[in-house]
Amino acid sequence: MRGFALIAAAALACSAAESVQAQTKEPIRIGVIAEESAIGGTGIVNGAHLAVDAINAAGGVDGRKLEIMQYDDHSSAADAVRAFQRAVSQDKVVAVIGTYISEVALALEPWAARTHVPFITSGAASNEISRHIHEDYDKNKYTFHEYMTSAFIADSICDSVKDLLQRKYSIKSAVVLSEDAAWTTPLDAEYLVCLPKIGVKVLDHIRFSPDTSDFTPLYNKIEGEKPDVIVTGISHTGVQPTVQWAQQQVPIPMIGMSSQATSGTFWKDTNGAAAGIVTFSVAADGANLTAKTQPFINDYIKRFGEAPNYTAYTTHDAVNVLVQAVKRAGSTDGEKLVAALEQTDYVGTIGRVQFYGRDSQFTHAMKYGPEYVTGIMLQWQNAKQVTLWPKASPEAKFSFPAFTQLQKP
Amino acid sequence: MLAVQILIDGFAISALYGLGAVGFTLMFGVSGVLNLAHGATMVVAAVAAWVVAGQLAASPWMAAVAGTAAGVITAFATYFLVVRPIQRSKSVPAAEKEIFVLTGTLLWGIMIQETVAYFYTDNPKSVQPLIAGVMQIGGVRTPINELLIAVICWAVIGLLWLLVHRSKAGKVLLAASINPRALTLLGFELSRVYLSVWAIYGVLAGIAGVLLATFLGASSAQASQLTASAFSIVVLGGLGSVAGSLLAAYVVGYLETLTAYLISPTYRSMPALVLLVIVLYVRPRGLLGRR
């Protein structure tokens, strides 16, 4: 009798414990797929962790904590697809954020479609990502593009050249120098359209293989053509062309998009050869695009010891955009999340994030414009990134190394 | 002047290739080891130089010394952790030892490459040139560093020649590459010979790695390409022949430079590979090989 009572008591205790267990909520899992041994990828990972830790510290989402399931795709589309499959089927993530490589993002887009799991790319740029969504909305609506499309990056660069550089210097000719990758095809196409519109003649258009290590022949060729500037589109490369440009004292400034130059480590990586390099980025120290920009930079530096590169900002915002969508939808179901993500109106670290709708050719890409996100133009000076456009502090001005010459107008 | 530009650029890169290849071929000639962790060793030296220059705010010369030391340490690690255990293993048949060592060094090279990428990313690292600035040569603006690299490479190769042909230790090395058994009969310890060859190899690969970092920059992703490059140069020149390696390094260096300037940098490494295939068909022992 006593034995039976003991067992009954134990059973009661167990069931009581079980019901307590059911009340502590399951975490919300977010998959983060990134190229962990590349600068662009570490920004994604760090930005995600910073955002998730802050949200969890503030109580999580309706009492549920966020949990990051992290995967290294080794810059390979095949590895990324495998990671995506695992994230969805085994690790049960509600959404995937990641990659800065367009080839990888384009490989994941159909998997988001097949698994009905939202995928937000926070670093890739190719126009094709949003074009696929526009052309086959019902299938591809699960993908969102939380970074500027290549076409808008080129427009932003042309706008900044017109607003700023052409006021101070005579810029009438250029050579476009890009790595041969998926994201630069639309970038270069837009350069070739927007540069002539601002009175810059494109003398040559050079696309080089991303595993080029000796740029001397290219600089030699460009110097022979005597352009006023070199307009770049580089991301997989950055250190080598910059270091060699400085060592060889190529007398032509480099402006445009150099995504490695957006990282705070670029000065050290190039041992100062970055001096004078002008690049587009999403934000930088002192840019103060929104009230959140500088605090994010300060937190990032405190935690990781270096200034964030562009993917850190966009990934941080992407996590917050996703969390807001979860709250708006009241659910983590894929279809409901997509509908909620489309209603995003979030002021993040780089501007006001809204996505284009079905009627735009850039469906689910970030809206570009002064009220939304424009990006900035910055120049490396004395180990610092100095923001020069669209808003610059009064003391900020251009400073090129002695060996480059820009003529006054 | 394009011709002068090609001449100078080709000379510098060939000298760099030559230094790496000489170490590689010496290793094979004396101890029979084809060290496929060669590229990884160079990368470690390059990254170590970058780390020391950055973290300790050291001068480029200090960084160069540190990088070379890292090359030597990696060479010894390769010998003691990978090569020697396989060579002494009782479970590997003698006839297959070379293949096992080859595979072992290949895997070890990949391990090193991934470790470097893990800690420092696969982004190329560069070190400030030992002497900065440019000078005019024949109307061509050339970084002084490029000329310095050629001078250093040849100086080191010259020192190596002196060591091998004029010093007793060097002659022992030479003898070991010709007939190791006879050497042991004369009372010399082969193990000490091997240690010295790995040390020399480490210095050569270390210097080559550091110079590469000052010239073009080096990344962990390039490790296998650097090994393949050294391997094809050494086979082209003749396995075990130092003079052959130097000659082949210049052939390959100039072929690459000409291709990069006249056709496109993308196809830079192709002609050398085509040449390698042709030479293996027509003269398998290489240009100056003796086996």
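The values are calculated or read from the model by the stated rules, or taken from the named source; none is laboratory data. Since the model is a prediction, treat every value here as computed from it, not as a measurement. A quick note on method: Cβ atoms are made from the backbone with ideal geometry, for glycine too, and the neighbour counts reach across all protein chains shown.
Under the condition of being in contact with a strand residue (DSSP E or B) (Cβ under 8 Å, 6 or more places away or on another chain) and within 16 Å of A:S259 (Cα to Cα), the residues counted in segment A:156-182 number 7.
Output the number of residues of segment A:42-74 satisfying the condition of being within 12 Å of chain B (Cβ to nearest Cβ) and more than 15 Å from A:Y300 (Cα to Cα).
Number of matching residues: 2.
Can you run down the residue pairs with Cβ atoms below 8 Å, 6 or more apart or on separate chains, where the first is in segment B:177-201 and farther than 30 Å from B:T227 by Cα and the partner is modelled with pLDDT under 85 and of a type outside the set (G, A, S)? From segment B:177-201, the pairs are B:L183/B:L190; B:T184/B:L190. Answer yes or no: is there a residue in segment A:227-243 that is more than 13 Å from every other protein chain (Cβ to nearest Cβ), under 28 Å from A:R167 (Cα atoms), out of contact with any Phe, Trp or Tyr (no Cβ under 9 Å at 6 or more places or on another chain) and without any contact (Cβ under 8 Å) to a residue 60 or more places away in the chain. Within segment A:227-243 (the criterion being more than 13 Å from every other protein chain (Cβ to nearest Cβ), under 28 Å from A:R167 (Cα atoms), out of contact with any Phe, Trp or Tyr (no Cβ under 9 Å at 6 or more places or on another chain) and without any contact (Cβ under 8 Å) to a residue 60 or more places away in the chain), the answer is yes, since at least one residue qualifies. If you check B:V65, B:V83, B:V72 for being over 23 Å from B:F28 (Cβ atoms) and either modelled with pLDDT under 90 or out of contact with any Leu (no Cβ under 8 Å at 6 or more places or on another chain) (or both), only one passes: B:V65. Within segment B:37-80, the set of residues being farther than 15 Å from B:A208 by Cα and hydroxyl-bearing (S, T, Y) comprises B:S59, B:T78, B:Y79. Residues in segment B:133-146 that are at the interface with chain A (Cβ under 8 Å from one of its Cβ atoms) and under 24 Å from B:M42 (Cα atoms): B:P143, B:N145.
Hey, among the residues in segment B:258-291 that are away from chain A (no Cβ under 14 Å) and in contact with a Ser or Thr (Cβ under 6 Å, 6 or more places away or on another chain), which one's farthest from B:G10 (Cα to Cα)? Only one residue fits best here, namely B:G289. Scanning segment A:196-213 for residues being surrounded by fewer than 19 Cβ atoms within 10 Å (Cβ to Cβ) and within 11 Å of chain B (Cβ to nearest Cβ) gives a total of 5. Being among the hydrophobic types (A, V, I, L, M, F, W, C) and facing chain B (nearest Cβ under 9 Å) is the filter; apply it to segment A:214-226 and report the residue that is farthest from B:T214 (Cα to Cα). My answer is A:L218. Consider A:I129 against the criteria (1) assigned to a helix (DSSP H, G or I); (2) touching a His at 6+ places or on another chain (Cβ under 9 Å); (3) more than 19 Å from A:T344 (Cβ to Cβ); (4) aliphatic (A, V, I, L, M): it satisfies all of them except one. Which criterion is unmet? Single failed check for A:I129: (3).
Scanning segment A:213-226 for residues that are in a helix (DSSP H, G or I) and in contact (Cβ under 8 Å) with a residue 40 or more places away in the chain yields A:L218, A:I222, A:E225. The numbered conditions (1) surrounded by fewer than 22 Cβ atoms within 10 Å (Cβ to Cβ); (2) away from every other protein chain (no Cβ under 14 Å); (3) assigned to a loop (DSSP other than H, G, I, E, B) are all true for A:A287 except (1). In this structure, is B:I149 modelled with pLDDT of 90 or more, within 30 Å of A:T265 (Cα to Cα), within 14 Å of another protein chain (Cβ to nearest Cβ) and within 16 Å of the chain's Cα centre (by Cα)? So B:I149 passes the test. Hey, A:N298 hits all of (1) closer than 21 Å to A:Q381 by Cα; (2) within 14 Å of chain B (Cβ to nearest Cβ); (3) not in a loop (DSSP other than H, G, I, E, B) but one; which does it fall short on? Tallying (1) closer than 21 Å to A:Q381 by Cα; (2) within 14 Å of chain B (Cβ to nearest Cβ); (3) not in a loop (DSSP other than H, G, I, E, B), A:N298 fails exactly one: (2).
Name the residue that is surrounded by the fewest Cβ atoms within 10 Å (Cβ to Cβ), counting only residues in segment B:189-213 that are β-branched (V, I, T) and in contact with a Ser or Thr (Cβ under 7 Å, 6 or more places away or on another chain).
B:V203
Suppose the filter is surrounded by fewer than 24 Cβ atoms within 10 Å (Cβ to Cβ), part of a helix (DSSP H, G or I), assigned by TED's automatic domain parsing to the domain that holds A:V52 and touching a Lys or Arg at 6+ places or on another chain (Cβ under 7 Å); does A:A107 pass it? In short, no. Residue pairs whose Cβ atoms lie under 6 Å apart, separated by 6 or more positions or on different chains, with the first residue in segment A:312-335 and outside the structural domain of A:G264 (by TED's automatic domain parsing) and the second among the basic types (K, R) and surrounded by fewer than 17 Cβ atoms within 10 Å (Cβ to Cβ), are A:A329/A:K336.
Restricting attention to segment A:245-284, the residues being assigned to a strand (DSSP E or B) and not hydrophobic (A, V, I, L, M, F, W, C) number 4.
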